[in-house]
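Beneath this line is the structure, given in structure tokens, with notes to follow.
Readers should treat all values here as calculations from the given coordinates under stated rules, not as data from a laboratory. Keep in mind the model is a prediction, meaning the values are calculated, not measured. We place every Cβ from the backbone using ideal geometry, glycine too, and count neighbours over all the protein chains shown.
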Amino acid sequence: MRIIVHDLCSPEWQAANIPVAEQDVIVSDDGTLKNCIGCFGCWVKTPGICVIHDGYQHMGAYLGTADTLLLISRNCCGSQSPFVKSVLDRSIGYIHPNFRTINGEMHHRKRFSNTLKLHAIFYGDQTDFEKNTAEALVQAQAVNLAAKSVKVDFIDTLQQLSGVIA
């Protein structure tokens with residue numbers, strides 16, 4: 001199962017013509033997303049599930065059942081768009097509050113037994129600096145999510161989306 005998180009408006013999503021399987025979970029902006037408040041409830045009170053009930057509270061648990069996390073985002077100064085970044089923040093329950101060492105750095109342990117493939121696609125006008133920054137960001141996110149593989153694509157137009165999604 002894939003979790004597809006995107007910041008496209010409805011007409012853009014429809015025009016992108018992305019193949020979606022029945023079991024895929026599509027996460028888009030319905031206007032109800034609340035920002036993470038840093039309470040750590042998803043770690044200790046309701047493991048894997050955010051305590052904010054706005055329709056996005058199950059992001060950590062969804063990731064725990066997925067094999068692929070596909071992020072489709074406008075490149076915002078080398079980062080994901082505010083919506084995609086907020087969804088990732090609300091997914092922190094996917095990882096465990098305890099730590100492990102990877103390449104001499106501290107990272108959170110996995111909470112779930114699955115191992116994700118991470119694929120990020122950035123679109124829009126992008127400088128080389130923004131592309132390099134976004135690439136480094138996604139590589140770091142892959143380590144934090146204990147992803148088994150990571151792929152980053154950059155496209156200029158949304159019409160190119162279907163060509164980079166496997």
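What about Asn114, is it in contact with a strand residue (DSSP E or B) (Cβ under 8 Å, 6 or more places away or on another chain), over 22 Å from Cys9 (Cα atoms) and of a type outside the set (Val, Ile, Thr)?
no
Looking only at the range 75-125, which residues are assigned to a loop (DSSP other than H, G, I, E, B), among the polar types (S, T, N, Q) and either out of contact with any helix residue (DSSP H, G or I) (no Cβ under 6 Å at 6 or more places or on another chain) or more than 25 Å from Arg2 (Cβ to Cβ) (or both)? Outline the logic, then answer.
As a first pass, look at the range 75-125 and keep what is assigned to a loop (DSSP other than H, G, I, E, B): 75, 77-78, 80-81, 90-91, 103-104, 111-116, 124-125.
Subsequent filtering for residues that are among the polar types (S, T, N, Q) retains 75, 80-81, 91, 103, 113-115.
Gln80, Ser81, Asn103, Ser113, Asn114, Thr115, listed by residue number.
Are any residues in the range 141-166 under 30 Å from Arg109 (Cα atoms) and among the charged types (D, E, K, R), and if so, which ones?
Of everything in the range 141-166, those that are under 30 Å from Arg109 (Cα atoms) and among the charged types (D, E, K, R) turn out to be Lys148, Lys151, Asp153.
In the range 1-20, which residues are aliphatic (A, V, I, L, M) and within 18 Å of the chain's Cα centre (by Cα)?
Across the range 1-20, the qualifying residues are Met1, Ile3, Ile4, Val5, Leu8, Ile18, Val20.
Looking only at the range 75-93, decide whether some residue is surrounded by fewer than 14 Cβ atoms within 10 Å (Cβ to Cβ) and over 21 Å from Ala147 (Cβ atoms).
Yes, the range 75-93 contains a residue that is surrounded by fewer than 14 Cβ atoms within 10 Å (Cβ to Cβ) and over 21 Å from Ala147 (Cβ atoms).
List the pairs whose first member sits in the range 44-67 and is without any contact (Cβ under 8 Å) to a residue 24 or more places away in the chain, whose second member is surrounded by 14 or more Cβ atoms within 10 Å (Cβ to Cβ) and outside any loop (DSSP other than H, G, I, E, B), and whose Cβ atoms are under 6 Å apart, counting only residues at least 6 apart or on separate chains?
Val51/Gly41
Checking Gln139 against (1) in contact (Cβ under 8 Å) with a residue 40 or more places away in the chain; (2) in contact with a strand residue (DSSP E or B) (Cβ under 8 Å, 6 or more places away or on another chain), only one condition comes out false. Which one?
With (1) in contact (Cβ under 8 Å) with a residue 40 or more places away in the chain; (2) in contact with a strand residue (DSSP E or B) (Cβ under 8 Å, 6 or more places away or on another chain) applied to Gln139, the lone miss is (1).
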